[in-house]
Amino acid sequence: MKIEKHSTSNVIACLGGDQIIMETRPINMPSEGEMLLQLRVVGFCGTDMFKLTTGKIDKGIVLGHEIVGEVVKIGENVNRFNIGDRVVVPHHVACGQCLLCQNGNETMCDLFRVNLIEPGGFADHILVKDRATSRAAHKIPDEISDSAAVFMEPAACVLRGVNRSGLSSNGTVAILGGGSMGLLHLLVIKAIRPKAKTLLIDPLSKRRTLALELGADITSAPNEAAIAAAFTMTNGFGVDVVFDTVGGGKVLESALALGRQGGSIILFAHAPNNVKTEIDLNNIFKHERRIIGTYSGALTEQFTVFDLITSKQLDPTPLVSHIMPLDEFSTAYNLIKHRQALKVLFTLSRGSAET
């Protein structure tokens, strides 16, 4: 497809709630410092699923932010990339200068919340704004697959939580949830803390089996069995760090039961809107526990993860269960909703792929 002014491409647009439609929109041409990508793969993220299932999303929005694309047009003064390069790029970049950034809270920066891709990742063509083009995009080496590179952004989110947790090189971990993000936690921890002992907890035996294949030391179904496994693994102390990749008040209670005194609980997942929980404050105070929220990943984590992927210390591709064109978005949504898919990647819509 030759990209000229007035060219169009297909996008997956939200209609409200979990309703979507594939529609054709004009392609935005790059201005100075920007580049235009043709989609190669985009990941279906848990955040995308959360926004669709909670219904809190404006009509017309195009979701998707885990992107690998091929450069098809560049604006003036773009010197780091050429036509034909494969590129992985995140959608958020902090300013790096404000009080929040200077104190290590880059993902709280006001500029970080600005989406730097248009219209979104679930589109055949994606315009990358100048700050993302100049500071955050990476050219992918020939030997690294699209399916590996697309995990840069979600794995950076995971790495931020691991770094904030204080997990030591020989620490003990419980991961609540064996979906794509729970298993990505397992892979990232194994890449950067290979001696850490890991317990993955999920109700589905298929996911527990996959976790063992990916390097988990122990797996368990939730509730009492998980508590017994955690205390057996740690000689009765409880684990150093619990990563909650599920979300919600009941899960927090489970996390507290799994962790040791002086340990950390990392809240990684969205909770349902307006959900509150009651916890015994003395259980936190008297036992020196830490409950830490972690949100997204900054440039530091993204650069580290890109190096882990390109050096092949981190290979997330076993998590990919389905690859399908954007046309099959509704199919993917239902597969994920009913826990029949792990990680779905979308490719170009059929119409664009044929031109």
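The values are calculated or read from the model by the stated rules, or taken from the named source; none is laboratory data. Since the model is a prediction, treat every value here as computed from it, not as a measurement. Because the Cβ atoms are built from the backbone with ideal geometry, glycine has one as well, and the counts that use them run over all protein chains shown. Note: accessible area is taken over every heavy atom of the protein model, side chains too, but ligands, DNA and RNA are not part of it. Shrake-Rupley method; radii C 1.70, N 1.55, O 1.52, S 1.80 Å.
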_Which residues among segment 127-171 fall inside the zone where the amide N is under 14 Å from a point 7 Å beyond the Cα of residue 300, along Cα→Cβ?_
157, 159-166
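Tally Lys/Arg at +1 and Asp/Glu at -1 over every other residue whose Cβ is under 15 Å from the Cβ of residue 138; what's the total?
Details: positive: 40, 80, 86, 131, 135, 139; negative: 66, 70, 85, 142, 143, 146, 153, 301, 307.
That sum, taken over residues with Cβ under 15 Å, equals -3.
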*Using every pair of alpha-carbon atoms in segment 125-271, split the distances into 10 Å bins beginning at 0 and state the percent of pairs per bin, rounded to integers.*
11, 40, 29, 13, 6, 0
_Fully extended contour minus Cα-Cα distance, from residue 235 to residue 277, at 0.36 nm per residue_ = 12.2 nm
*Return the distance in nm (one decimal) between the two label points of a simple spin-label model at residue 23 and residue 58, each offset 7 Å from Cα along Cα→Cβ.*
1.4
*Quick one: length gained pulling residue 70 to residue 135 fully straight, 0.36 nm per residue minus the C-alpha distance?*
21.6 nm
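Take each complete run of DSSP H in the chain, measure how far its Cα atoms stretch along the helix's own axis, and keep only those covering 30 Å or more with mean Kyte-Doolittle hydropathy at least 1.6; list them.
Numbers: long enough: none.
Span-like helices here: none at all.
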*Could you give the length gained on full extension between residue 225 and residue 313, defined as 0.36 nm per residue of separation minus the Cα-Cα distance, in nm?*
28.5 nm
*Which value, in Å², gives the accessible area per residue of the chain when a 1.4 Å probe is used on the protein heavy atoms?*
45
_Part-to-part distance (alpha-carbon centres) for segment 280-297 and segment 105-124, which is given in Å_ = 28
*Report relative contact order for segment 276-355 in percent, whole number only (criteria: Cα-Cα under 8 Å, sequence separation at least 6).*
24
*Can you pull the percent of segment 1-44's accessible area that's carbon plus sulfur, 1.4 Å probe, other chains left in place?*
45
*Links that overshoot a 24 Å alpha carbon limit, given the list 190/276; 56/276; 51/206; 5/129; 59/276*: 190/276; 51/206; 59/276
*Summing Lys, Arg as +1 and Asp, Glu as -1, what charge do residues with Cβ under 14 Å from the Cβ of residue 176 carry, residue 176 excluded?*
0
*Applying the Karplus parametrisation 6.51 cos²θ - 1.76 cosθ + 1.60 with θ = phi - 60° to the phi angles of segment 262-271, what ³J(HN,Hα) value in whole Hz is obtained for each residue in order, glycine and proline being reported as x?*
x, x, 10, 10, 9, 8, 9, 9, 4, 8
*Net +/- balance of residues flanking residue 101 in space, Cβ distance below 15 Å, scoring K and R +1, D and E -1*: +1
